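Comments concern the structure below.
The values are calculated or read from the model by the stated rules, or taken from the named source; none is laboratory data. Predicted model, so just to flag it, every value in this text is computed and none were measured. In this analysis, Cβ positions are derived from the backbone assuming ideal geometry, glycine residues included, and neighbour counts consider all displayed protein chains. Only protein heavy atoms, including side chains, enter the accessible area calculation; ligands, DNA and RNA are left aside. Shrake-Rupley method; radii C 1.70, N 1.55, O 1.52, S 1.80 Å.
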Amino acid sequence: MKKWLLSFVSAILCFVLVIPSTFAANLNDVLLNPETGWKRVDLKTNTKNITYVGSWVLDTTAQNYLGKTSGDSIGSSKDLKLRFDFTGNKLSIRSWLIKGEYSLIIDDVHLGNFKGDNSSTQYGVTYFNDSFSNGRHSVELNLTQSSTYLDTIDIAEDGEILPFTGVQAPLNLTGNYTKAGAGLQWDMVSNATYILKRSTSMGGPYTTIAENLSNPSYTDANVQYNTTYYYVVFATKDGRISASSNEASVSVPVPSISLDIESTVTQVSLFDTFVVQAVLKNASNIYAEDFNIQYDDTRFKLISVEPVDSVSIASNTEITDNTIRLVTASNGANNGINGNGVLVNLHFKAIATGSGKIDALKARVADNGYNEITLPLVDVGETTIEVTPVADFSLKDLGAASYQLNNDKSFLNELLMNFLGAIGLVSQVDLTKIGEALLSSLSYEFNH
């Protein structure tokens, strides 16, 4: 019976002792030891990284007061101040419950005054919050009454007490590469402006690239291809600067840009004119291009090169009889090439039958002033055009058309109407077209 009773009492004691450590602390709890997931900082007059304003006194009297850690506390005059930063998401302050009061400013926000229940000469919890954002926070504690004594600060187990900044550090800095550059975002700090710094090495040293930012986002357009950048951001208020945010990295890739020669047709008739286009593909923020185009001058004659509306031709130079060099530029910030974009239209005339190539030999491109790259040869393209013979004409056909010059084409025979088109008047251009076809016809007797 006695053994059973002893076991029962032991179980009750164990239950009583275990229960407090499994629940969050309440105000006025003595809390002799920090709870699970917390750690304790015993306040002295020289606790590391805490700034003391005024003549703080280490009080070692009444060491038997329940809850007094290490037999001492600090106090006691009105208007004394403590300043410090802490990391993590938890903060608890223990002070003398029967007397005293203090105010708290955390992350530049005044939270009000805090004190014990005025009925106990113990030390216990007078402030508790376990739901801060997980980051760095600034605390200013002001004694608002005399006979105020502070004993301990509890913070997250993995947290630290750090020097006071007075401004909350920005949280959750993230970055990603976009066509416009390195895009950065972070959580807003109330009533703050921001300083953004950058490095090409993890951990710095960092160089300021933007300051007095009013919005918690920024696009860094001054980036080089094939480079990784590391960023940190600081919040500022009234000349005070926070600790740094977390570091975020952004890798800038080399874009997979290609220059192709494209045509809506792959086959044309002899003496027809046709258009091919120089098209930049998979581009990202590209504003200038330098490229060569070579064509088979035994099959084609280059008639003209025309830019599209959003692009200007800065230079059009003939290198040889069959190769031209073009330098093109976008017309303003809104006309950079993103994705696919046509640079120029090239007008050709078919002058001989057979297959011929129109080829972009090499190309170099530049963005809005920060990068330029030479495209690999595999990324400059070509197109092949087949020139087919026209119908066999005789000198009589040319005579019939010249007889009907300036008359309606309906007076011509079916072969001529199919070749010249059935609508409109016979023109000098039509006569020239028939003459060229006549000379290319292998069945015309004069050619044998």
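A compact table of results
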read-out: Selection from I241, F114, L213 lying farthest towards where the dipole of the chain points positive, charges on Cβ; value: F114
read-out: Rg(Cα)/(2.2 N^0.38 Å) for segment 75-169, N = residue count; value: 1.04
read-out: 0 to 90° range, to nearest 10: angle between helix 2-18 axis and the chain longest Cα axis; value: 50
read-out: Whole-angstrom Cα spans of segment 194-288 along principal axes, big to small; value: 77, 26, 17
read-out: Per-selection Kirkwood Rh - segment 287-350 (Cα, Å, 1 d.p.); value: 12.5
read-out: Antiparallel DSSP beta bridges within the chain, percent to nearest 5; value: 95
read-out: For segment 92-134, the fraction of alpha-carbon pairs in successive 10 Å shells from zero, as %; value: 28, 49, 21, 3
read-out: Of P389, A366, L425, farthest towards positive along the dipole that unit charges on Lys, Arg, Asp, Glu beta carbons give segment 289-432; value: L425
read-out: Relative contact order, percent, the chain [alpha-carbon distance under 8 Å, six or more residues apart]; value: 11
read-out: Convex hull projection area averaged over all views, the chain, Cα basis, nm²; value: 39.9
read-out: GNM top mover of Q428, Q294, Q168 - the chain, alpha-carbon springs below 10 Å; value: Q428
read-out: Alpha carbon convex hull of segment 123-210, volume per residue in cubic angstrom; value: 162
read-out: Too-long pairs where the Cα-Cα distance tops 26 Å, listed order kept, from K99/K237; K68/K90; K39/K197; K281/K362; K68/K99; value: K99/K237; K39/K197
read-out: Protein accessible area in the chain, 1.4 Å probe - carbon and sulfur %; value: 51
read-out: Expected-Rg normalisation [2.2 N^0.38 Å, Cα atoms] applied to segment 332-404; value: 1.90
read-out: ³J(HN,Hα) computed for each position of segment 391-402 - Karplus, 6.51 cos²θ - 1.76 cosθ + 1.60, integer Hz, glycine/proline x; value: 5, 7, 10, 10, 5, 5, 5, 5, x, 5, 5, 5
read-out: Distance cut-off 21 Å, percentage of C-alpha pairs in segment 258-381 lying past it; value: 36
read-out: Global geometry of segment 46-99, whether rounded, prolate or oblate, following the gyration tensor of its Cα atoms and the 1.5 cut on a/c; value: oblate
read-out: With Cα atoms, 0 to 90° folded angle of helix 428-440 axis to the chain main axis; value: 80
read-out: Distant alpha-carbon pairs in segment 128-275 (separation over 25 angstrom), percent; value: 49
read-out: H347-S394 FRET efficiency (beta carbon distance; Förster radius 35 Å; 0.05 resolution); value: 0.70
read-out: Principal semi-axes in Å for segment 290-448 [√(5λ), Cα gyration tensor, largest first]; value: 42, 19, 12
read-out: With all protein chains modelled, accessible area of K78 [1.4 Å, Å²]; value: 110
read-out: Dipole-positive endmost among S199, P253, T227 within the chain (Cβ charges, Cα centre); value: S199
read-out: For the chain, built as a Gaussian network whose Cα springs stay under 10 Å, the top-fluctuating residue of A352, A400, A182; value: A400
